[in-house]
Structures are given as C-alpha cells and as structure tokens.
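The values are calculated or read from the model by the stated rules, or taken from the named source; none is laboratory data. For clarity, every value in this text was computed on a predicted model and none was experimentally measured. Positions of Cβ are generated from backbone atoms using ideal geometry, with glycine treated the same way; all protein chains shown enter the neighbour counts. The protein model used for the area step is the full one, side chains on, heavy atoms only, and it has no ligands, DNA or RNA in it. Shrake-Rupley method; radii C 1.70, N 1.55, O 1.52, S 1.80 Å.
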Amino acid sequence: MKTLIIGSGGREHALAWKISQSEHVKEVFIAPGNGGSDSEPKIKNINITDHQQLIDFAIENKIDLTIVGPEQPLSEGIVDKFEEKHLRIFGPSKQAAKLESSKKYAKEFMIRHQIPTAFYKSFNDAKLAHSYIDDQKMPIVIKADGLAAGKGVIIALTKEDAHTAINFMLEENQFGNAGSEIVIEEFLDGEEASFIVMCDGENIFPMASSQDHKRLLDNDQGPNTGGMGAYSPAPIVTPKIHDQIMKTVIEPSIQGLKKDGITFKGFLYAGLMIKDESIKVLEFNCRMGDPETQPILFRMKNDLFELIYDACDHKLNKHQPLWDDDFALTVVMAAKNYPNSPEKGIEVINANYKSPTQYVFHAGTKRENEKILTNGGRVLGLTGKGKNLQLAFNEAYKMTDLISFDGCQFRRDIGKKALN
Ligand code: AMP
Ligand code: GLY
C-alpha cells in the first residue's frame, strides 16, 4: 500500500516514521516534508503543496491513503476535495475543521452542547471590547478568532495589557482576518493536558494522554509558541480523569457534531485545563498536536496504518489501544529568535542521530548538498523514552549534548513539573 502524508513539521515526520513501520506499507510520500522526514528507507519527500497537484499525485500514483497533518489545509477543505475524487483521506471536512479554525464557533458549539469551558464574550467592535474589559477581573484571556499558528492568544495580566491586545487585534489588524473577531475569555487556573482521540464518525479511539509546554522559556516564562516540548503519558490524566474527559468532553463533542449534522472523521484534540476534579476545554484542534504527536507515536504499539485505513471505513471499533509502558519525552530545539523571526540556513550537526531509545524528528530543516540546515522556528524534536519519566527525560536531554546548531535554544525543564 502507498500512503501520502501532507505537511512538513515534526508531527508529519513522526506520522511518516510510524506509518512506514507497517508491514502493509510499501511506500510513504510526504508532501513537502523536511530535511530529515525521508531519512527512513520507505519514505520519500515530494515537493508539492498545491491541493490540485496533491490530488493529481494521489491519482497518478495510486495512493491508498492520505493523512493530513496540519490545520491549514483542513480549514481550506482539502478533505472535501479529495473525497469528491473518491480518494481515501483521513481528516475532518472543512465544516468540521471549523472547531479549530474559528474560536467563536467552537465556544458557541461548547455552550450549545454543554461542554465545560471558560466563560466568554466575542467582539468585532473595539469600543465594545474596551468597555467590556473595564468591568472585568484580571488576568483575562484575549484570543484571535481565526488560525494564528498558536500565537493568537494573549493572557493579559493588567487592564492596560488587555486594551493593548484588543488594539493589536481589532484596530491594528496584526493577525489580519484571523483577528477581525476576538474572543475574550475568563482566565482559568490549573494544569494543562492535551487529550487527542481518533474518530471515524462513529467510534472513538483515545490516544495516550500528553502534555505540551507552550511558553518559550523555562518555568513557563516568555511568549507562547507552537510548543517547546511534550511528554506522554501525562500523570495528571489518571484513569478517573480519563473517564471524566471521555464522558464530559469527547463523547458530547462527537455527539454534538452529529446533532449539528457534521460527521467528524479525523483526530480531535481537546486542550484542557484541569484543576482538582474540574475539567474545562481551552481549545479544540482538529488534528494531532505538534509536538505531542512525537512522544505519543514513539509509544504506540498499534499499527497506525491499519487504524487510519479502518477509520476511513468507520471500523475503528476493530482496534484496542496498545501503548508501550515506557514514557516518552520530546525536547524541541528551536532557532535563534524563534518565535519572532527565526534565523534560517544554519548547519545542524548530527541531525539524524538515533538509538533504540532515541529519535530526532525533524521540523524546520532542509537538506542542501548533503548538509542539514535550519529552515524554520522549531527545528528538531529530540525524543527519548524510558521506563519512567525521569529516564525518558534523561534519554531526550542526552541528545542536546550531541546535536547542535549555532543559536539553538531549548527549554531545560520539559516534564519537570510532573517529576517534582
Ligand atoms: P489556545 O490556543 O486556546 O489553547 O491557547 C493557547 C494557550 O493559552 C493555552 O495552551 C493556555 O496555556 C493558554 N490559555 C488559553 N485559554 C486560557 C484560559 N481561558 N485561561 C488560562 N490560560 C489559557
Ligand atoms: N502543541 C499544540 C498544538 O499542536 O496545537
């Protein structure tokens, strides 16, 4: 069988790496991939991103299954376009992907279907937004409605910060169209976890729990990023909390979508804030997380190709989740000046390092004259595993002594909160 994976990040490298291990799979194409995504024998990069060209490629090369990694093509309706041509593709339709591509839509959806979330109001008029802030308690959270690559959320500690954020989005249009509507939301305290499931429209297959680290610097300081590291499983998601998430968040969401006339086929990601027994949804994504995918798939014992292929036939119920008992942990190595204007074109030393307990998933890299160069903000995901979180941490961090590039930055405390 032949598989096509759409995307170029660490998540897509991990998907390709895992899919290529299936005995059913002869070839994996990754479009466009990155400087390391094709380092395994069955995987080939193809330099295409245009939707029509991807469809033509899938037809000409008799691709059996296409998997979409990132949110952008999903929000542009790539799944609908493939399905019009009767091509097998895994991911939600454009309509279903609105759960991620519009925060206002997601909030209305959660209220409509009694899914626990923070109190909010939405605005497109700056004056009304400013006067709303005057009556609120700080901190407060201001979110651009549309897709903003993980950077559209501002946590305002003071009213002054909140007014600045409103101006930034609604007056100065710094996020373009994505910020022409905003959600202002109650600040929630607690510990975050990422809970991702696969869904075939009927059946739900929970992935292992994980925890991301969104802030750039140690001790959750600095600006929000796409994610600086993750580990799996997340001890905060005890079996009891797991059941509660399924019952109060995941099942009502899939049912709610159905009631709204939408079949959800794809990965559904709930970003959660957990405090004691209270679980609230911060956001939905309609894809796997990056970097959460890297440690999750590093532990997966199921054949991912079989799972996704069967999910396209609404037969996910044939499978039970099988996870390695080991913990896995990913440290993201980012470029100098990430997240603002990452420095590109710097040579990476030892970029394709691996061992039985370690793997380097590439993200912002490219290959030029047999050298690996940086080509984006989040460059590599150094992933290690071990019998417990400390050993996984050790395996991942050992690689930071072996792999490097000028100006590289990474957090030194991925997983530390759970270790303490
Ligand atoms: P989102 O893209 O909505 O997940 O927001 C990005 C990050 O901002 C989250 O991972 C949280 O760390 C933080 N955040 C979002 N909403 C809230 C909230 N209501 N209260 C506290 N922190 C939040
Ligand atoms: N790591 C967060 C995300 O993928 O949205």
Residue satisfying condition, being under 21 Å from I279 (Cα atoms), open to solvent by less than 50 Å² (accessible area, probe 1.4 Å) and of a type in the set (D, E), within set D212, D243: D212
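Quick one: in the range 166-189, which of the residues that are among the charged types (D, E, K, R) and in contact (Cβ under 8 Å) with a residue 60 or more places away in the chain is nearest to ligand 2 (Cβ to nearest atom)?
Step one: list which residues in the range 166-189 are among the charged types (D, E, K, R), which gives 171-172, 181, 185-186, 189.
Restricting the remaining residues to those that are in contact (Cβ under 8 Å) with a residue 60 or more places away in the chain gives 181, 185-186, 189.
On the way: E181: 20, E185: 17, E186: 21, D189: 20 Å.
Top of the filtered list is E185.
Hey, among the residues in the range 150-177 that are aliphatic (A, V, I, L, M) and away from ligand 1 (no atom under 12 Å from the Cβ), which one's most open to solvent (accessible area, probe 1.4 Å)?
Only one residue fits best here, namely L170.
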Members of the range 1-12 found to be part of a loop (DSSP other than H, G, I, E, B) and surrounded by 19 or more Cβ atoms within 10 Å (Cβ to Cβ), listed by number: S8, G9
Sole exception among (1) within 13 Å of ligand 1 (Cβ to nearest atom); (2) more than 30 Å from I133 (Cα to Cα) for D212, by number: (2)
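Looking at C312, C286, which is the one that is in contact with a strand residue (DSSP E or B) (Cβ under 8 Å, 6 or more places away or on another chain), at pLDDT 95 or above and more than 14 Å from ligand 2 (Cβ to nearest atom)?
After ruling out the rest, the residue left standing is C312.
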Within the range 126-147, tally of residues that are within 18 Å of L188 (Cβ to Cβ), within 13 Å of ligand 1 (Cβ to nearest atom) and not in a loop (DSSP other than H, G, I, E, B): 4
Of all residues in the range 276-317 being of a type in the set (V, I, T) and within 15 Å of ligand 1 (Cβ to nearest atom), the one that is farthest from the chain's Cα centre (by Cα): I279
Leading residue by the ranking (most open to solvent (accessible area, probe 1.4 Å)) among those in the range 215-227 that are within 11 Å of ligand 1 (Cβ to nearest atom) and small (G, A, S): G226
Test: residue in the range 294-305 that is within 17 Å of S194 (Cα to Cα) and of a type in the set (S, T, N, Q): yes
Failed item, numbered, when A270 is tested on (1) over 21 Å from L389 (Cβ atoms); (2) away from ligand 2 (no atom under 16 Å from the Cβ); (3) out of contact with any Lys or Arg (no Cβ under 8 Å at 6 or more places or on another chain); (4) among the hydrophobic types (A, V, I, L, M, F, W, C): (2)
Residues of the range 190-218 that turn out to be more than 25 Å from K301 (Cβ to Cβ), away from ligand 2 (no atom under 16 Å from the Cβ) and at pLDDT 95 or above, as a count: 2
Positions within the range 255-273 being surrounded by fewer than 21 Cβ atoms within 10 Å (Cβ to Cβ) and touching a residue at least 40 places away in the same chain (Cβ under 8 Å), in sequence order: Q255, G256, K259, D260, I262, T263, G271, M273
Per-region count, the range 13-68, residues without any contact (Cβ under 8 Å) to a residue 60 or more places away in the chain, hydrophobic (A, V, I, L, M, F, W, C), closer than 21 Å to M198 by Cα and outside any strand (DSSP E or B): 1
Pick from the range 124-135, criterion in contact (Cβ under 8 Å) with a residue 40 or more places away in the chain and open to solvent by 50 Å² or more (accessible area, probe 1.4 Å), ranking: nearest to ligand 2 (Cβ to nearest atom): N124
Count of the range 277-300 residues which are in contact (Cβ under 8 Å) with a residue 60 or more places away in the chain and in a loop (DSSP other than H, G, I, E, B): 7
A193 within 12 Å of ligand 1 (Cβ to nearest atom), touching a helix residue (DSSP H, G or I) at 6+ places or on another chain (Cβ under 6 Å) and closer than 20 Å to K280 by Cβ: no
Residue check for G289: within 16 Å of A208 (Cβ to Cβ) and not aromatic (F, W, Y): yes
